[in-house]
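This report refers to the structure that appears directly beneath it.
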Amino acid sequence: MKSGDRKNAVAYLNKSYQVSITRACATLGLPKSVFYYCSVKDDSQVIEKLNQLVESKPRRGFPYLFNRIRNEGLPWNKKRVKRVYNLLKLNIRRKCKRRLPERLRVALAAPAKINQCWSMDFMHDTLMNGRKVRIFNVIDDYNRQALSVNVDYSHSGLSVSRVLEQLIEINGKPEQIRCDNGPEFLSIVLTEYCNSKNIKLKYIQPGKPTQNAYIERFNRTYREDILDAYLFEDINQLRELSWNWLEDYNLNHPHKSLKRLSPLKYIEEFQHI
């Protein structure tokens, strides 16, 4: 038993069983001078620094942390840092989850022109045979035009990049794309693709779908008209229905925010395209 544990045991015996300090120390083999000793060392700065490093580098061990401290010119020696490191129980393996970069809350601004901002999101449904499908939706926030309703069994960062490449060839390149923090949107393939095209990915805060309200409203309309209205025998049937619906939506679906005009009619009247 360490001296610190024995000091705690002496205090417990003295308080709970009214055993004198002298007798408790003799029983546990702890000198009275050790029990009454109070350290004059102030390790608050070491503790603060170690907690700061562990917070930013949770998977690093003591050698890395100490070398970081040494490289910053701090005067603490290795024994002292190691003692505080063990005291904080940082030598125990730490489990940590992947952390997202901080997402700032940004007001949902209405774009002033076409291709200023797109929104993208995924939806899920099930075929009659029980197989799950995923639908990748992309719209232009300016006129709410549905650019893609891509139906497949699964999607990845690579498939998302391919769909975006096709859309850019047809509609032009967006300045930015708003999306959530799904793994496909965080993938290295997609982020590198967008960087190469100089497209900014605007991530919403986790658990805040209202920050991507344009695509969420579109998803609701698509679900009411297609996913909740039909049973699908196979994926091709869903693709055909979705494609026909997309054309009708862009040509004829009236939007309150677009002066009761459809996405393409709004462009014709107000952009003279």
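The values are calculated or read from the model by the stated rules, or taken from the named source; none is laboratory data. In this text the structure is predicted, and so the values were computed from the model without any measurement. Heads up, the Cβs are rebuilt from the backbone with ideal geometry, glycines too, and the neighbour counts pull from every protein chain shown.
Summed over region 171-213, residues that are among the aliphatic types (A, V, I, L, M) and either assigned to a helix (DSSP H, G or I) or outside the structural domain of Leu158 (by TED's automatic domain parsing) (or both) total 5.
Summed over region 196-234, the residues that are out of contact with any strand residue (DSSP E or B) (no Cβ under 6 Å at 6 or more places or on another chain), hydrophobic (A, V, I, L, M, F, W, C) and touching a residue at least 60 places away in the same chain (Cβ under 8 Å) give a count of 4. Applying the criterion of being crowded, with 16+ Cβ neighbours inside 10 Å and of a type in the set (S, T, N, Q) to the residues of region 118-146, the residue that is nearest to Tyr203 (Cα to Cα) is Ser119. With respect to the conditions (1) surrounded by 19 or more Cβ atoms within 10 Å (Cβ to Cβ); (2) over 29 Å from Lys256 (Cβ atoms), Asp152 falls short on a single one, namely (1). Could you list, in sequence order, all residues of region 94-131 that are outside any strand (DSSP E or B), under 18 Å from the mean Cα position of the chain (by Cα) and at pLDDT 60 or above? Selection gives Lys95, Arg105, Val106. Scanning region 34-45 for residues that are at pLDDT below 90 and either more than 53 Å from the chain's Cα centre (by Cα) or farther than 17 Å from Asn8 by Cβ (or both) returns Val40, Lys41, Asp42, Asp43, Ser44.
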